[in-house]
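Trainee: Structure in structure tokens, see below.
Throughout, read-outs are computed from the coordinates displayed, never taken from laboratory work. No experiment lies behind these values; they were computed from the predicted model shown. Positions of Cβ are generated from backbone atoms using ideal geometry, with glycine treated the same way; all protein chains shown enter the neighbour counts.
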Amino acid sequence: MNKEEIIAELKTIIKPYSEETAAFESIDEDTDFLTDLKINSANLVDIVLDIEEKFNIEIDNDSMAKMLTVKATVEVIESKRGNGGQ
Amino acid sequence: MISNRVVITGLGVCAPNGIDLATFTHSIKNGISGITHQPDLETLGFSCQIAGKPQLSDEKVAEYFSPLELRNLNSTGIIYGVIAGLDAWKDAGLEKSANEEPDWESGTIFGTGTSGIDKFRWAINKIDDMEIRKLGSSVVVQTMASGVSAFIAGKLGLGNQVSTNSAACATGVESILLAYDRIKSGRAKRMLAGSTSDSGPYIWGGFDAMKVCTFKHNHEPKKGSRPMSATASGFVPGSGAGAMVLESLESALSRKAKIYAEVLGGDLNSGGQRGLGTMTAPNPVAVQRCIKKAIENAGIRADEIEVINGHLTATTKDALEIENWKAALNRSKDDFPYINSLKGLVGHCISAAGSIESVASVLQLSEGFIFPNINCEDLNPAITDLVDQSRIPQRLIYKPFNFLAKASFGFGDVNACIILKKYHYE
């Protein structure tokens with residue numbers, strides 16, 4: 001799965017958490033979950049759980065703390081998939 | 001000192017025999033029961049396998065919650081409370097606060113006994129299975145006692161007091177009185193008062209184990225809840241929510257709101273678990289004192305009460321309750337007010353009982369009817385010794401009247417009584 005495919009999957013995961021339709025449609029690597037998509041910070045843990053399930057990976061607390069932008073999130077997903085993910 | 005008159009301008013209900021106001025009104029007038037057989041209780045070996053539970057479709061619930069909220073929603077009490085609360089707000093002709101500014105003049109006191117008991121069970125199992133990480137963000141907001149008032153306040157944008165009260169089965173009447181005090185003293189213009197109670201085996205199990213629920217009517221659910229009957233053999237557990245918008249008379253008149261009734265006053269007290277009072281039994285001295293103080297607080301005379309909506313759960317305590325009313329109101333056998341119990345139709349809705357029954361009480365006053373008691377064709381002789389059976393209507397009576405007393409009593413030996421008056425436009 002390449003970066004574009006990961007971002008596409010990520011979009012479907014994030015969709016229910018954001019009401020910022022315009023920002024959501026123009027999502028790219030630089031998109032910030034809190035400032036751009038106005039996601040409630042309490043929901044970040046739910047997004048991480050959805051990502052774990054979707055990509056069949058487990059995300060540790062340190063990695064989770066970095067996952068505030070699309071770019072950082074994709075990097076975490078890629079590294080976890082490389083480390084024993086499928 | 002500010003002392004506003006307080007009126008009721010909106011009603012909402014999510015009850016076993018009606019999940020909207022129109023259906024509920026039709027059901028109480030026609031004696032339609034919401035008690036049904038519960039297969040899960042039978043499977044789990046409950047003694048009492050019947051209960052009152054609002055019949056909600058997924059489509060109905062989706063009208064009140066966002067898709068994201070629905071994803072992990074596992075708190076029946078919050079669902080019932082939000083439906084009743086938002087319906088009451090709409091019924092009062094009020095809007096959700098659409099802008100960024102909270103509605104500082106409006107708040108809510110929305111009670112419950114427990115919150116999200118199914119959600120709590122799910123979370124406990126996850127934790128014990130070493131899966132704490134999987135709880136996500138939805139456990140706290142659904143299991144905190146104040147979850148229901150928090151959900152409602154967020155949806156309406158309420159900016160005044162937002163809290164949850166808890167006084168066992170007296171919760172619903174207590175929430176009305178707390179909201180009433182806040183408006184009366186000028187600290188809020190409008191308060192949504194209500195209460196809710198979860199459904200299901202984990203909320204009802206404790207009562208089943210105490211043997212306070214009937215086990216004799218599993219084959220005939222609609223006959224099971226029998227307040228004031230000689231064959232009353234314990235209550236039938238129920239669930240749901242009731243809500244009402246309380247508002248200063250000035251505010252209601254200025255926006256030309258429909259006024260259902262006026263809250264004249266009431267009282268809250270406890271028997272202190274002294275005398276005959278215990279954790280689970282009421283101290284009659286306190287019950288009578290609560291009723292008397294409520295009437296005094298309302299500024300009327302005891303002989304003006306025309307209708308009583310009782311607590312009357314269908315246990316052996318029903319006769320004692322009637323005796324307490326009779327003593328508190330100083331009435332004879334023949335001039336006792338009309339009395340009815342909603343529990344024959346919906347069961348004992350625990351922490352929601354007081355608010356669902358108060359909605360029924362307000363409807364009676366507002367429309368001028370007295371709903372029929374069901375399942376007491378065999379009235380308890382201990383009750384007919386106290387009051388004439390004509391005082392316990394078993395058929396719908398249409399009759400305009402002015403004063404109604406509603407009381408609820410709860411575990412912990414706590415009591416709550418409110419006095420309602422029909423509102424006459426001047």
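Trainee: Which members of region B:193-206 meet the condition of being touching a residue at least 40 places away in the same chain (Cβ under 8 Å) and of a type outside the set (Ser, Thr, Tyr)?
Mentor: So in region B:193-206, the residues touching a residue at least 40 places away in the same chain (Cβ under 8 Å) come out as B:193-205.
Answer for region B:193-206, where residues must be touching a residue at least 40 places away in the same chain (Cβ under 8 Å) and of a type outside the set (Ser, Thr, Tyr): B:Ala193, B:Gly194, B:Asp198, B:Gly200, B:Pro201, B:Ile203, B:Trp204, B:Gly205.
Trainee: Take the residues in region A:42-78 that are over 13 Å from the mean Cα position of the chain (by Cα) and of a type in the set (S, T, N, Q); name whichever of them is farthest from A:Ile13 (Cα to Cα).
Mentor: A:Asn61
Trainee: Considering region B:208-219 alone, what residues qualify as being under 13 Å from B:Ala51 (Cα atoms) and touching a residue at least 40 places away in the same chain (Cβ under 8 Å)?
Mentor: Scanning region B:208-219 gives B:Asp208, B:Cys213, B:Thr214, B:Phe215, B:His217, B:Asn218.
Trainee: While we're here: Report yes if B:Leu70 is over 22 Å from the mean Cα position of the chain (by Cα), in a helix (DSSP H, G or I) and within 14 Å of another protein chain (Cβ to nearest Cβ), otherwise no. Before the answer, list the steps.
Mentor: On the way: over 22 Å from the mean Cα position of the chain (by Cα): yes; in a helix (DSSP H, G or I): yes; within 14 Å of another protein chain (Cβ to nearest Cβ): yes.
Yes; evaluated as a whole, the condition is true for this residue.
Trainee: Taking the condition of being part of a helix (DSSP H, G or I) and either facing chain B (nearest Cβ under 10 Å) or in contact with a Leu (Cβ under 8 Å, 6 or more places away or on another chain) (or both), how many residues in region A:30-76 meet it?
Mentor: Step one: filter region A:30-76 for residues part of a helix (DSSP H, G or I), giving A:41-55, A:61-66, A:70-76.
Next, only the ones that are either facing chain B (nearest Cβ under 10 Å) or in contact with a Leu (Cβ under 8 Å, 6 or more places away or on another chain) (or both) stay: A:41-53, A:61, A:64, A:70, A:73-74.
Residues that pass the stated criteria total 18.
Trainee: Also, quick follow-up: Quick one: B:Ile127 ticks every box in (1) among the aliphatic types (A, V, I, L, M); (2) away from every other protein chain (no Cβ under 14 Å); (3) part of a loop (DSSP other than H, G, I, E, B) bar one, so which box is it?
Mentor: (3)
One line per residue, one yes/no per condition, for (1) more than 19 Å from the chain's Cα centre (by Cα); (2) part of a helix (DSSP H, G or I); (3) more than 22 Å from B:Gly81 (Cα to Cα):
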site	(1), (2), (3)
B:Val287	no, yes, yes
B:Ala294	no, yes, yes
B:His311	no, no, no
B:Ile322	yes, yes, yes
B:Ala328	yes, yes, yes
B:Phe336	yes, no, yes
B:Ile339	no, no, yes
B:Gly354	no, yes, no
B:Glu377	yes, no, yes
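Trainee: In the set B:Lys189, B:Lys184, B:Lys119, which member is among the basic types (Lys, Arg) and over 25 Å from B:Ser361 (Cβ atoms)? Spell out how you get there, then give the answer.
Mentor: Numbers: B:Lys189 fails: over 25 Å from B:Ser361 (Cβ atoms); B:Lys184 fails: over 25 Å from B:Ser361 (Cβ atoms).
Just a single option satisfies the conditions, and that option is B:Lys119.
Trainee: In addition: If I ask for residues that are within 14 Å of another protein chain (Cβ to nearest Cβ) and surrounded by 17 or more Cβ atoms within 10 Å (Cβ to Cβ), which ones from region A:7-29 would you list?
Mentor: A:Ile13, A:Ile14, A:Pro16, A:Tyr17, A:Ser18, A:Phe24
Trainee: So is B:Lys119 in a helix (DSSP H, G or I) and touching a residue at least 24 places away in the same chain (Cβ under 8 Å) or not? Before the answer, list the steps.
Mentor: Numbers: in a helix (DSSP H, G or I): yes; touching a residue at least 24 places away in the same chain (Cβ under 8 Å): yes.
Criteria met by B:Lys119.
The rows are residues; the columns are (1) part of a loop (DSSP other than H, G, I, E, B); (2) surrounded by 24 or more Cβ atoms within 10 Å (Cβ to Cβ).
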site: B:Ser358; (1), (2): no, yes
site: B:Ser366; (1), (2): no, no
site: B:Pro372; (1), (2): yes, no
site: B:Ser390; (1), (2): no, no
site: B:Gln394; (1), (2): yes, no
site: B:Phe401; (1), (2): yes, no
site: B:Lys406; (1), (2): no, yes
